[in-house]
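Below is one structure, written out as structure tokens; the observations come after it.
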Amino acid sequence: MTIEVIDLFAGPGGLGEGFSSITEKNKKPFKIKISIEKESFAHQTLTLRAFFRQFDKPPVEYYQYLRGEITKDVLFKKHPKEAKKAILEAYCAELGGDAFPHKTVIKRILSQVSDPKNSIVIGGPPCQAYSLVGRSKMSKYQDFQNDPRHTLYKEYLRIIADIQPRAFVMENVKGILSSKLNGEYIFDRILEDIKTPSKFKNSKKVKFKTSEQYTIYSLSNAGKPEKLNRNDFIIKSEEYGIPQCRHRVILLAVRNDIRGIPSILKPTKRPTSVEDVLADLPPLRSGLSKKLDSFDNWKNAILTRFKQCDVYDGLTRGNEFIPFDSKPKAFKRWFYDKKIKGVLNHSSRAHIESDLHRYLYSAEHAIRHGKSPKLEDMPQDLLPNHKNVTSAIKSKSLFNDRFRVQLANKPATTITSHISKDGHYFIHYDPKQCRSLTVREAARIQTFPDNYKFEGPRTSQYQQVGNAVPPLLAHQIAKVVYELLSGAGTTDNK
């Protein structure tokens, strides 16, 4: 059985990677037919991964491209058939945007999907309007209530109404549970709308068929759907082996003519730590900004504050490809691909001298005390010269932990798109490297396989990784969906 998959608001493809990685009896039951994403560089990443999936065994030229030995044009010209399919699969479009009317999007989807009613849909609308930080910023604007990102889920449901897939998976930030629009909880409205997406297709009050209605299930609570509350839809990634405390709202909606009840995700016995997935990667130094960048200058900059500091000798800043045989302790079969012959997207960013001192102090503090320091734990001379530092310390505010070490022996805190702005919340646990995480390290924490290359400049790569669903979590969700649909018949033949 092949199940066609439509991936909406796909980002760099975390959900799609999880579904496409499922193997049953040496075959892959889920086939990504179209992935829709508006961001240009994320779309390039999707296209490359779509190309990768066209092969049972990726060609040698794919790995040559990863190592920078050939260009993408050369790669695609070597395999034109597979390149054409990849380009058709990855669709750069803004769902709900004026330039991409609903009819145009549906036409493109149907050109790719042969059996819509037997397909599934995955994805989640952008979350800026729902995240706590996003809401605090956006609420300052007068037109906040009318921001279209509040109702982008309706475009998602319009597509569901036209496709009528057997099931769909929707993901969003936890903040959506508390987000209100015109005094009403948005999530409550979404749950009601999801049950009958076809009402967005039909403006008249009609009686909808069973095959047009959906039941919403939790992936973490086996309770009856009608008795679930908002918090039952929260998935805590660290409970399922992901090396990250990423808490997201994920729900599974199943068409009412499908027999069976989905199972729930199975928690792991032991959490996966940051060190489990990062320790094997080659150590790097950070760059030194506002001064001539070199290893000696970097080391001397640290020594101006920490006279007895012990750092690794001869460290480089890494690159988009580093020759290195890297084998992780955890999930080796998931991450490792010996054909790469190195590490991708592993280059460090530059930091000012005072931040180097804060990073090293923070990493040492974490080793000694088993926790990342708060601002009040820092020596006076290491406090940043910001107006709100004193008030943050006194009020114990959210930003009191603005320098956050990812503890070696625990799952990381949530990797978010904020990692593209600075490294303060994502300090490496090893003080001898004195830096923030690289794109590849963030990708490991997000459980992207090592042969998954992120396209575009480093800032965009960070954003892509931070916005993604962890593929290894998506893989577990895909197993639940496959188990349901592989044995599913219908209860309504109308």
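Below, the figures for the structure above:
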{"quantity": "Members of the range 189-198 that are in contact (Cβ under 8 Å) with a residue 12 or more places away in the chain and open to solvent by 60 Å² or more (accessible area, probe 1.4 Å)", "calculated": "195"}
{"quantity": "Members of the range 436-471 found to be assigned to a helix (DSSP H, G or I) and open to solvent by 20 Å² or more (accessible area, probe 1.4 Å), listed by number", "calculated": "458, 459, 463, 467"}
{"quantity": "Leading residue by the ranking (nearest to residue 88 (Cα to Cα)) among those in the range 22-53 that are among the charged types (D, E, K, R) and assigned to a strand (DSSP E or B)", "calculated": "33"}
{"quantity": "Residue in the range 309-318 that is at pLDDT below 95, farther than 20 Å from residue 419 by Cα and outside any loop (DSSP other than H, G, I, E, B) present", "calculated": "no"}
{"quantity": "Every residue from the range 285-299 that is in a loop (DSSP other than H, G, I, E, B) and open to solvent by 70 Å² or more (accessible area, probe 1.4 Å)", "calculated": "290, 291, 292"}
{"quantity": "Which listed residue, of 269, 236, is more than 22 Å from residue 124 (Cα to Cα), free of Cβ contacts under 8 Å to residues at least 40 places away in the same chain and of a type outside the set (Gly, Ala, Ser)", "calculated": "269"}
{"quantity": "So residue 207, is it within 17 Å of residue 164 (Cα to Cα), at pLDDT below 85 and open to solvent by 60 Å² or more (accessible area, probe 1.4 Å)", "calculated": "yes"}
{"quantity": "Positions within the range 240-259 being among the charged types (D, E, K, R), open to solvent by 10 Å² or more (accessible area, probe 1.4 Å) and under 22 Å from residue 441 (Cβ atoms), in sequence order", "calculated": "248"}
{"quantity": "From 47, 71, residue being under 19 Å from residue 469 (Cα atoms) and polar (S, T, N, Q)", "calculated": "47"}
{"quantity": "Hits in the range 25-82 (condition: small (Gly, Ala, Ser) and open to solvent by 30 Å² or more (accessible area, probe 1.4 Å))", "calculated": "40, 68"}
{"quantity": "Enumeration of residues in the range 415-434 that are acidic (Asp, Glu) and open to solvent by less than 40 Å² (accessible area, probe 1.4 Å)", "calculated": "430"}
{"quantity": "Residue in the range 418-428 that is without any contact (Cβ under 8 Å) to a residue 24 or more places away in the chain and of a type in the set (Asp, Glu) present", "calculated": "yes"}
{"quantity": "Odd one out for residue 262, checked against (1) open to solvent by 50 Å² or more (accessible area, probe 1.4 Å); (2) in a loop (DSSP other than H, G, I, E, B); (3) of a type outside the set (A, V, I, L, M); (4) closer than 30 Å to residue 194 by Cβ", "calculated": "(1)"}
{"quantity": "Residue within the range 307-314 that is within 14 Å of residue 359 (Cβ to Cβ) and not charged (D, E, K, R) present", "calculated": "yes"}
{"quantity": "Residue in the range 457-466 that is small (Gly, Ala, Ser) and closer than 15 Å to residue 247 by Cα present", "calculated": "yes"}
{"quantity": "Members of the range 163-186 that are touching a Ser or Thr at 6+ places or on another chain (Cβ under 8 Å) and among the polar types (S, T, N, Q)", "calculated": "164"}
{"quantity": "Unique match (being surrounded by fewer than 20 Cβ atoms within 10 Å (Cβ to Cβ), in contact with a Gly (Cβ under 9 Å, 6 or more places away or on another chain), modelled with pLDDT of 95 or more and within 30 Å of residue 222 (Cβ to Cβ)) among 271, 282", "calculated": "271"}
{"quantity": "Residue that is surrounded by the most Cβ atoms within 10 Å (Cβ to Cβ) [pool: residues in the range 1-21 that are part of a loop (DSSP other than H, G, I, E, B) and of a type in the set (Ser, Thr, Tyr)]", "calculated": "21"}
{"quantity": "Residue satisfying condition, being β-branched (Val, Ile, Thr), under 24 Å from the mean Cα position of the chain (by Cα) and either over 26 Å from residue 238 (Cβ atoms) or open to solvent by 80 Å² or more (accessible area, probe 1.4 Å) (or both), within set 367, 340, 352", "calculated": "340"}
{"quantity": "Residue pairs meeting the criteria (Cβ under 7 Å; at least 6 apart or on separate chains; first within 10 Å of residue 252 (Cβ to Cβ), in the range 209-229; second surrounded by fewer than 19 Cβ atoms within 10 Å (Cβ to Cβ) and acidic (Asp, Glu))", "calculated": "218/232"}
{"quantity": "Residue in the range 219-233 that is acidic (Asp, Glu) and either open to solvent by less than 10 Å² (accessible area, probe 1.4 Å) or closer than 21 Å to residue 444 by Cβ (or both) present", "calculated": "no"}
{"quantity": "Residue count for the range 300-336, restricted to those that are open to solvent by less than 90 Å² (accessible area, probe 1.4 Å) and acidic (Asp, Glu)", "calculated": "1"}
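Rundown of residues vs (1) part of a loop (DSSP other than H, G, I, E, B); (2) touching a helix residue (DSSP H, G or I) at 6+ places or on another chain (Cβ under 7 Å), yes/no style:
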residue: 61; (1), (2): no, yes
residue: 68; (1), (2): yes, no
residue: 82; (1), (2): no, yes
residue: 87; (1), (2): no, yes
residue: 100; (1), (2): yes, no
residue: 103; (1), (2): no, no
residue: 117; (1), (2): no, no
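The values are calculated or read from the model by the stated rules, or taken from the named source; none is laboratory data. Owing to the predicted nature of the structure, the values given are computational and were not obtained by experimental measurement. Don't worry about glycine lacking a Cβ; one is built from the backbone with ideal geometry, like all the others, and counts go over all protein chains shown. The area values use the complete protein model at the heavy-atom level, side chains included, leaving out ligands, DNA and RNA. Shrake-Rupley method; radii C 1.70, N 1.55, O 1.52, S 1.80 Å.
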